[in-house]
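First the structure, then my questions, so here it is.
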Amino acid sequence: MLDGILRQSKKTRELDYALTRFVLKHKNSSVLFSKKYGQVRSFTTRDSGLYFSQQELLKVRQGAKIDFTTGRLDCAFSRQKEKTCLIFSRKKEDKLYLDLKERYSNLGLFFKDVLKNYTNGVSMLRMWNLSLIGSLIFGMFLMTMIYRYLGPGARAAVEESRIQNEMVELAKKQEAEKVLGESIAKAQADRESQIKASVEIEKKQAEEAIFKQQKEFELKIRELVKGYPIEKMAPYIAKEDPLVAAFFIAIAKKESSWGEHVPVSGGADCYNYVGFRLKTKEMGSGGHSCFSSPKEGFEVTVKRIKSLIYNEDMTTAKKMVNPWKCGYDCSWDSKEAVQKWVSDVDYYLKQVLAWKIKMEK
């Protein structure tokens, strides 16, 4: 530009008419002086995206065509740089071929430009808009992924997996409890079996001991009453309580001399060796009860003795004489007879009890 050609100087100024005419003629225009292109009235810089550069203008004048991307994408992209600009000469012999080639070349260069120079010529506002659009697209994509992998379906899958795991754990726990229960039940059954076997053994041992004592007691009774009718009752007597057995033997000795003097019925033995008087189906001599067998005679009469011992505490000969001999009133009998009954019964009572105590030791 020649705006500043004329400068003030302290030297004497001389008027140059040729230069003045040139300035007046071109004062409203611009001229570029360059080595390569010379004097150029129309020019623009190479960095501009909206105008032709000098090289491009020269090629346009030579018949070339320049493809701009500026404006097609709302100024999102500027014109390509010189090395990537589509600058080529039109050939007229094959218009269709050249047009297709141009279109596809433009498309390829467009995408190349998008990938390499997508920020060239973008204003702050458009960059802000693009960032918002990108954020929205990314947000939609992210929500889609979240819904797909973390949405209700994913939660349902997680819940189903959790339930399945809990069911598996519950099944394992139940199986373990079942095994433990079976083990405990088996151990308890074994323990109960052992206890039962031990009880059976102890019971058997006790029965054997009792049987042995009964046999020994029976042998003692048989030795004592050998040859007397009461000997037939020895097995039954040996099974009773020692005090009951002792009373039965002692009373039988006093009342019938162990069966030598007994009530009879039709000449037959009534098996009443203790002087028992209670109305029965068949009565014997002297108003005494009569029984059909030694066993029946023993069971009925010993029942009365047990009742007096356990229910009325008749545990001594002195106490037993009142209900058994006198019918609870001994005033009708002499004191000597009563005392004799007590002393005779007491002698055999103590003797039999002494055997039993000795055998139990």
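For a footprinting-style exposure proxy, rank Glu208, Glu102 by other Cβ within 10 Å, fewest first. Before the final figure, lay out each step's value.
Numbers: Glu208 10, Glu102 15.
Listed from fewest to most nearby Cβ atoms, that is Glu208, Glu102.
Let me ask another. Compute the relative contact order of the stretch 233-298 as a whole-number percentage, counting only Cα pairs closer than 8 Å that sit 6 or more residues apart in sequence.
Details: 95 pairs, mean separation 18.1, N = 66.
Relative contact order here is 27 percent.
Could you sort the peptides 216-227, 250-261 by per-residue average Cβ neighbour count (10 Å cutoff), highest mean leading? Could the numbers behind the result be given before it?
Details: 216-227: 16.0, 250-261: 20.2.
Peptide ranking by packing, descending: 250-261, 216-227.
So what is the relative contact order of the stretch 211-331, in percent, for Cα pairs below 8 Å that sit 6 or more residues apart? Before the final figure, lay out each step's value.
Numbers: 139 pairs, mean separation 21.2, N = 121.
Computed value for the stretch 211-331: 18 percent relative contact order.
Report ³J(HN,Hα) in whole Hz for each residue of the stretch 230-245, in order, from the Karplus equation J = 6.51 cos²θ - 1.76 cosθ + 1.60 where θ = phi - 60°; Gly and Pro get x.
Listing the rounded values in order: 5, 4, 5, 8, 4, x, 6, 5, 5, 7, 8, 4, x, 5, 5, 4 Hz.
What ³J(HN,Hα) values, in whole Hz, does the Karplus curve 6.51 cos²θ - 1.76 cosθ + 1.60 give for the stretch 258-275 when θ = phi - 60°, with x put for Gly and Pro?
6, x, 7, 10, 10, x, 10, 9, x, x, 9, 5, 8, 6, 10, 9, 10, x
Mind checking the full-extension length gain between Lys303 and Met140? Use 0.36 nm per residue of separation minus the Cα-Cα distance, one decimal, nm. Write down the numbers at each step before the final one.
Details: separation 163, 0.36 × 163 = 58.68 nm, distance 10.62 nm.
Extra length available between Lys303 and Met140 comes to 48.1 nm.
Another one. Report the gain in length on full extension from Leu180 to Gln339: 0.36 nm times residue separation, minus Cα-Cα distance, nm rounded to one decimal.
Fully extending the segment from Leu180 to Gln339 adds 49.8 nm.
Moving to a separate point now. Separation between the Ala209 and Leu98 pseudo-spin-labels, each 7 Å from Cα along Cα→Cβ, expressed in nm?
The modelled label-to-label distance comes out at 13.6 nm.
Sorted by average packing, counted as other Cβ atoms within 10 angstrom per residue and highest first, what order do 324-334, 269-279, 289-299, 303-313 take? Don't jump to the answer; show the numbers that get you there.
Working: 324-334: 12.2, 269-279: 20.6, 289-299: 18.6, 303-313: 13.7.
In descending order of packing, they fall as 269-279, 289-299, 303-313, 324-334.
Along the Cα→Cβ direction, 7 angstrom out, place labels at Asp329 and Ala268. What is the inter-label distance in nm?
That separation, rounded to one decimal, is 3.7 nm.
A further question on this structure: Taking the mean number of other Cβ atoms within 10 Å as a proxy for protection, how do you rank 169-178, 55-64 from highest to lowest? Walk me through the intermediate numbers first.
On the way: 169-178: 10.1, 55-64: 13.7.
So the order, starting with the most tightly packed, is 55-64, 169-178.
How far apart, in nanometres, would the label points at Val168 and Lys239 be if each is projected 7 angstrom from Cα along the Cα-to-Cβ direction?
So the two model labels end up 7.0 nm from each other.
Please list, in order along the stretch 195-206, the HN-Hα scalar couplings obtained from phi with the Karplus expression 6.51 cos²θ - 1.76 cosθ + 1.60 (θ = phi - 60°), rounded to whole Hz, x for Gly and Pro.
For the stretch 195-206, the Karplus-derived couplings read 5, 4, 5, 5, 5, 4, 5, 5, 4, 5, 5, 5 Hz, x marking Gly and Pro.
Every read-out reported here was derived from the displayed coordinates using simple, explicitly stated rules and does not represent laboratory data. Computed from a prediction, not measured in an experiment: that's the story for all the values here. Cβ coordinates were reconstructed from backbone atoms using ideal geometry, including for glycine residues, and neighbour counts include every protein chain displayed.
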